[in-house]
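No lab work stands behind these numbers, since they all come straight from the coordinates. Everything quoted here is computed from the prediction, not taken from an experiment. Positions of Cβ are generated from backbone atoms using ideal geometry, with glycine treated the same way; all protein chains shown enter the neighbour counts.
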Amino acid sequence: MKYFIDTNVIIDLLGQNKKTDAKRESQEEEQQRKKEAQLKAKEQLEEILLEEDSEVFINRLVLVETLRTIHFTHKKRFRDAETTLELFEKLDIKDDVYREAIEFSRFCNTKLHFTLKGKCEAIDFLHFITAKYYDLEMISNDRDLEKLEEAYLKFLEKEEKDDS
């Protein structure tokens, strides 16, 4: 099976994830949340890597998004993460991917009246469509992934009707 690994899984694995709530967490709660996210990411990736014939992909945007989260003073962590990420096969984000991500985003916003949570909505759509374009299963910790999958089926139905 072929997989596209979303940035959030890699960031969780590295223990770099930031606070997700507007509310204040105690340092202990934050550490516990990070440990849980790290364990989940580790389990997700181990399961994939243990599969026979599994292939794991990212794009250069995932590489940039991940490495930018590592604090400047953590030089060894940065080098280790960079070395590991260089082992992943990188997918090109072609013009067709950008166009489809734009159309899918517009469809979700105007026809289905939903937007994604978070500051990186455009990037989330781009990663999702990259996975679809290359026929990969997306591994992500985004809470909206299931919603995106449902919306994508409707988007494809609309595309088929428009082509008829």
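Quick one: which residue in LYS154, LYS117 is outside any loop (DSSP other than H, G, I, E, B), farther than 30 Å from ASP53 by Cα and either touching a residue at least 12 places away in the same chain (Cβ under 8 Å) or among the polar types (S, T, N, Q) (or both)?
Working: LYS117 fails: outside any loop (DSSP other than H, G, I, E, B).
Sole residue among the options that is outside any loop (DSSP other than H, G, I, E, B), farther than 30 Å from ASP53 by Cα and either touching a residue at least 12 places away in the same chain (Cβ under 8 Å) or among the polar types (S, T, N, Q) (or both): LYS154.
Residue by residue, here is whether (1) farther than 15 Å from ILE5 by Cα; (2) in a loop (DSSP other than H, G, I, E, B); (3) among the acidic types (Asp, Glu) holds:
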position	(1), (2), (3)
ASP53	yes, yes, yes
PHE57	no, no, no
THR69	yes, yes, no
PHE72	yes, yes, no
ARG77	yes, no, no
LEU85	no, no, no
LYS90	no, no, no
| said: Within the range 120-151, take every residue that is free of Cβ contacts under 8 Å to residues at least 40 places away in the same chain and of a type in the set (Phe, Trp, Tyr) and give me the one that is farthest from SER54 (Cα to Cα). | reply: PHE125
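Among the residues of the range 132-146, which ones are in a helix (DSSP H, G or I) and either surrounded by 19 or more Cβ atoms within 10 Å (Cβ to Cβ) or out of contact with any helix residue (DSSP H, G or I) (no Cβ under 9 Å at 6 or more places or on another chain) (or both)?
Matches in the range 132-146: LYS132, GLU146.
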| field | Selection from the range 24-53 of residues that are among the acidic types (Asp, Glu) and within 20 Å of the chain's Cα centre (by Cα) | value | GLU36, GLU43, GLU46, GLU47
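When the range 92-105 is examined, which residues are found to be of a type in the set (D, E, K, R) and either surrounded by 12 or more Cβ atoms within 10 Å (Cβ to Cβ) or assigned to a loop (DSSP other than H, G, I, E, B) (or both)?
Narrowing the range 92-105 to residues of a type in the set (D, E, K, R): 92, 94-96, 99-100, 103.
Within the range 92-105, ASP92, LYS94, GLU100, GLU103 meet the criteria.
If the requirement is being touching a residue at least 12 places away in the same chain (Cβ under 8 Å) and either surrounded by 13 or more Cβ atoms within 10 Å (Cβ to Cβ) or not in a loop (DSSP other than H, G, I, E, B) (or both), which of these qualifies: GLN44, GLN31?
One residue alone meets the criteria, GLN44.
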| query | Taking the stated definitions as given, is LEU126 in a helix (DSSP H, G or I), surrounded by 11 or more Cβ atoms within 10 Å (Cβ to Cβ) and of a type outside the set (S, T, N, Q)? | reply | yes
| task | All but one of (1) at positive phi; (2) within 17 Å of the chain's Cα centre (by Cα) hold for VAL56, so report the exception by its number. | result | (1)
